[in-house]
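A quick write-up on the structure given underneath.
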Amino acid sequence: MTTPALLPLSGRRLPPLNLGASAFPHHRATLRLSEKFILLLILSAFITLCFGAFFFLPDSSKHKRFDLGLEDVLIPHVDTSKEGKNLGGFLIHGQGHDEHRHREEEERLRNKIRADHEKALEEAKEKLKKSRDEIQAEIQTEKNKVMQELKKKDSKPLPPVPLPNLIGINSGEPADPDIREKRNKVKEVKMMMMMMWSYPFLCLNSSFLLVTCNRNHSFLRVGNSQMGATIVDALDTLYIMGLHDEFREGQEWIDKNLDFSVNSEVSVFEVNIRFIGGLLAAYYLSGQEVFKIKAVQLAGKLLPAFNTPTGIPWAMVNLKSGVGRNWGWASAGSSILAEFGTLHMEFVHLSYLTGDPVYYNKVMHIRKLLQKMDRPNGLYPNYLNPRTGRWGQHHTSVGGLGDSFYEYLLKAWLMSDKMDTEARKMYDDAIEAIEKHLIRKSNGGLTFIGEWKNGHLERKMGHLTCFAGGMFALGADGSRDDKAGHYLQLGAEIAHTCHESYDRTTLKLGPEAFKFDGGVEAVAVRQNEKYYILRPEVIETYWYMWRFTHDPKYRQWGWEATQAIDKYCRVSGGFSGVKDVYSSSPTYDDVQQSFFLAETLKYLYLLFSNDDLLPLDNWVFNTEAHPLPVLHLANTTLSGNPAYR
């Protein structure tokens, strides 16, 4: 006897059941009021029970291992020092579940749900006996208690930590009068910008300003204008330039107004590099505790973003609820390499300053996961799904979406006083793959870094990619096979290509992206790639190349950029980006990014300063140009990790 095949859903279906009134001829069409009330109570109890089961019963899916060969990574994450211990009735790291204990645990949870349900019903009855004013008063009292507890937690004193040996935080004044004049010109630009301090920070509360009409725009601005990215981003530049009165005004604003207890969603990456990086740099430069305290408070608000199945953080997190999510456009909800890979410097410093290893463990977990994953052609794709631990689409870039991940591998090694050999190996491996698959020479002899998309090299380079010239120079010393000279030369070639992208425009300012197709070289083709938004990456490379070669052309190129910015980007309320660098009559975009103050002006000032100002043997700059001191990890609690041996 054969079993008939089931019909597909698109085929014939059973006739619908008649559930109308005629199907139940002996039933009334309506229910009495008392019956409705009883039915409502039953429904309420059922819903309460379902919600209780949802929140209290264990989710076995969270205890599955990854299907990626990551045998020692579990969900949820556990402290490796507690390996093999029983957590909440579940045995981890290879120990089998005891079925009897499991049934007991389920029974205990069911009993707890019943008890909680009965308690909730009793409390609800008591509440209904009270007046509306009494209920509102109780709610307000509870809210006040919660706020007081949060304030106590935030104001908890941090342990005293000896500051690293801080060298070169002042002076740097050049002897050459011409160079000194150029340095002072950059400082004057900064001073002009700081005149907006007189607007009681009204225009400085956001990550960028609408400058032609002195209005601020909100990207990192949250709550009631309380998160001032422009202020925090600008502080260390003020200190380095010796503008200490303005620095103190910024410090006073931060002490009184910078508040993170707001119901707002922010970018984990941007908040880390601008706020935490800026606050940490201000603390190290000035020694003022308020900056360290604020940095630690904010870092605690970011930690819930790491509550994902893999430990790869969400791109966005709500500072109040801790709920995270990813950008909808990022390869089916993936996290972005340049975002989750650009946390290491700041988080290591947070653990150093607090004595709490949680920050360090978060970033080392990310590194451990990445080390165990396959990389197509040795390249890191830009997207990684935080739920599955699998790569998204195979798109690799040293520019946007990927750039600062590679930068932080190198700088983790430098910041550890060159003890973090694990980071250095990852950097060297990545750079070798990049050089093999992404770096090419154009027909005109220009070295450029393309983008790898699904097995194809796109011959386009972004302004963001121009930082790589400085990175190659910075990483030349300590490179494999005694290739220091090779990488210094590679840095010089990238610097030359990026200068050409500036020099071939009408305004002598670089476009957002430029092509190397056919007869077109170092020129933007698409209209939506012809804009300049005060970006720092080309000037950043000029500065690093100057530090390592002292070739005067880098100062000359930096001065050309300074003059072009002053001529074409200066507006009534500050400096604005322009929409077309090939137009002799540019249109302003009415936006001044906070990184103009944090990076562009800082790198220009350092370019015209002596090398004893923030020497690279003692300081490492985060990707937002905030200087953090080298940590001699032999004297810290982090030195016990194998990565530093």
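The values are calculated or read from the model by the stated rules, or taken from the named source; none is laboratory data. Predicted model only: the values in this text are computed from it and were never measured. We place every Cβ from the backbone using ideal geometry, glycine too, and count neighbours over all the protein chains shown. Side chains are part of the model used for accessible areas, which takes the heavy atoms of the whole protein and leaves out ligands, DNA and RNA. Shrake-Rupley method; radii C 1.70, N 1.55, O 1.52, S 1.80 Å.
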So Ser264 ticks every box in (1) touching a Pro at 6+ places or on another chain (Cβ under 7 Å); (2) among the small types (Gly, Ala, Ser); (3) more than 23 Å from Met345 (Cα to Cα) but one. Which box is left unticked?
(1)
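List the strands (runs of 3 or more DSSP E) inside the stretch 430-493, counting only whole elements, that have at least 2 residues being open to solvent by 50 Å² or more (accessible area, probe 1.4 Å). Steps first, please.
Numbers: elements: 439-441, 447-449, 451-453, 456-458, 460-462.
Correct list: 439-441.
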Just name the residue that is nearest to Ser397 (Cα to Cα) out of those in the stretch 422-478 that are among the aromatic types (Phe, Trp, Tyr) and touching a residue at least 60 places away in the same chain (Cβ under 8 Å).
Trp452
Tell me whether the stretch 131-152 contains one or more residues that are modelled with pLDDT of 70 or more, more than 30 Å from Tyr239 (Cα to Cα), outside any helix (DSSP H, G or I) and not β-branched (Val, Ile, Thr).
yes
Would the stretch 297-305 turn up any residue that is in contact with a strand residue (DSSP E or B) (Cβ under 7 Å, 6 or more places away or on another chain), open to solvent by 20 Å² or more (accessible area, probe 1.4 Å), part of a helix (DSSP H, G or I) and not hydroxyl-bearing (Ser, Thr, Tyr)?
yes
Evaluation of Met419 against (1) touching a residue at least 40 places away in the same chain (Cβ under 8 Å); (2) out of contact with any strand residue (DSSP E or B) (no Cβ under 8 Å at 6 or more places or on another chain); (3) buried (at least 24 other Cβ atoms within 10 Å of the Cβ) (one fails), failing number:
(3)
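Answer yes if at least one residue in the stretch 229-237 is without any contact (Cβ under 8 Å) to a residue 40 or more places away in the chain and either buried (at least 18 other Cβ atoms within 10 Å of the Cβ) or not polar (S, T, N, Q) (or both), and no otherwise.
Going residue by residue through the stretch 229-237, those that are without any contact (Cβ under 8 Å) to a residue 40 or more places away in the chain are 231.
Next, from what is left, pick out any that are either buried (at least 18 other Cβ atoms within 10 Å of the Cβ) or not polar (S, T, N, Q) (or both): 231.
The answer is yes; a qualifying residue exists.
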Could you please find all residues in the stretch 245-295 being within 13 Å of Gly228 (Cα to Cα), aromatic (Phe, Trp, Tyr) and not in a loop (DSSP other than H, G, I, E, B)?
Trp253, Phe275
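Any chance you could count how many residues in the stretch 568-585 are free of Cβ contacts under 8 Å to residues at least 60 places away in the same chain and either surrounded by 18 or more Cβ atoms within 10 Å (Cβ to Cβ) or in a helix (DSSP H, G or I) (or both)?
2
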For the stretch 586-598, give me each residue that is under 26 Å from the mean Cα position of the chain (by Cα) and either of a type in the set (S, T, N, Q) or part of a loop (DSSP other than H, G, I, E, B) (or both).
Asp589, Asp590, Val591, Gln592, Gln593, Ser594
For Lys508, state whether it is of a type outside the set (Gly, Ala, Ser), in contact (Cβ under 8 Å) with a residue 40 or more places away in the chain and assigned to a helix (DSSP H, G or I).
no
Does Phe347 qualify as being among the aromatic types (Phe, Trp, Tyr), under 26 Å from Lys256 (Cα atoms) and in contact (Cβ under 8 Å) with a residue 12 or more places away in the chain?
yes
What tally of residues in the stretch 331-343 results from selecting those that are in contact with a helix residue (DSSP H, G or I) (Cβ under 9 Å, 6 or more places away or on another chain) and open to solvent by less than 20 Å² (accessible area, probe 1.4 Å)?
7
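Can Asp417 be described as within 19 Å of the chain's Cα centre (by Cα) and charged (D, E, K, R)?
No.
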Being open to solvent by 80 Å² or more (accessible area, probe 1.4 Å) and in a helix (DSSP H, G or I) is the filter here, so list the residues in the stretch 163-185 that pass it.
Pro177, Glu181
List every residue pair whose Cβ atoms lie under 8 Å apart, where the two residues are 6 or more positions apart in sequence or sit on different chains, the first residue falls within the stretch 163-174 and is under 17 Å from Ala281 (Cα atoms) and touching a residue at least 12 places away in the same chain (Cβ under 8 Å), and the second residue, located anywhere, is in a loop (DSSP other than H, G, I, E, B) and of a type in the set (Val, Ile, Thr).
Pro164/Val630
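Looking at the structure I just gave you, is Ala513 at pLDDT 95 or above and crowded, with 23+ Cβ neighbours inside 10 Å?
Answer is no for this residue.
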Residue count, the stretch 123-142 (criterion: charged (D, E, K, R) and either open to solvent by 100 Å² or more (accessible area, probe 1.4 Å) or over 27 Å from Ile42 (Cα atoms) (or both)):
7
Odd one out for Asp374, checked against (1) more than 27 Å from Asp417 (Cα to Cα); (2) surrounded by fewer than 22 Cβ atoms within 10 Å (Cβ to Cβ); (3) touching an Asp or Glu at 6+ places or on another chain (Cβ under 8 Å)
(3)
Val290: of a type in the set (Val, Ile, Thr) and in contact with a strand residue (DSSP E or B) (Cβ under 9 Å, 6 or more places away or on another chain), yes or no?
no
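Kindly provide the set of residues from the stretch 241-264 that are closer than 30 Å to Ser609 by Cα and crowded, with 16+ Cβ neighbours inside 10 Å, ordered by number. Explain how you work it out, then say what you get.
Let us first name the residues in the stretch 241-264 that are closer than 30 Å to Ser609 by Cα, namely 241-254.
Those that are closer than 30 Å to Ser609 by Cα and crowded, with 16+ Cβ neighbours inside 10 Å: Met241, Leu243, Glu246, Phe247, Glu249, Gly250, Gln251, Trp253, Ile254.
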Are there any pairs, at least 6 apart or on different chains, whose C-beta atoms fall under 7 Å, with the first in the stretch 530-552 and assigned to a helix (DSSP H, G or I) and the second at pLDDT 95 or above and β-branched (Val, Ile, Thr), and if so, which?
Ile539/Thr600; Thr541/Ile494
If you take the residues of the stretch 321-373 that are of a type in the set (Val, Ile, Thr) and assigned to a helix (DSSP H, G or I), which of them is farthest from Gly402 (Cα to Cα)?
Thr354
Test set (1) buried (at least 21 other Cβ atoms within 10 Å of the Cβ); (2) within 20 Å of the chain's Cα centre (by Cα); (3) among the polar types (S, T, N, Q) - Ser267 fails condition number
(1)
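Hey, does the stretch 396-404 have a residue that's outside any helix (DSSP H, G or I), among the β-branched types (Val, Ile, Thr) and on the phi < 0 side of the Ramachandran plot?
First, the residues of the stretch 396-404 that are outside any helix (DSSP H, G or I): 396-402.
So of that shortlist, the ones also among the β-branched types (Val, Ile, Thr) come out as 396, 398.
Imposing the further condition that a residue be on the phi < 0 side of the Ramachandran plot reduces the set to 396, 398.
Scanning the stretch 396-404, I find at least one residue that is outside any helix (DSSP H, G or I), among the β-branched types (Val, Ile, Thr) and on the phi < 0 side of the Ramachandran plot, so the answer is yes.
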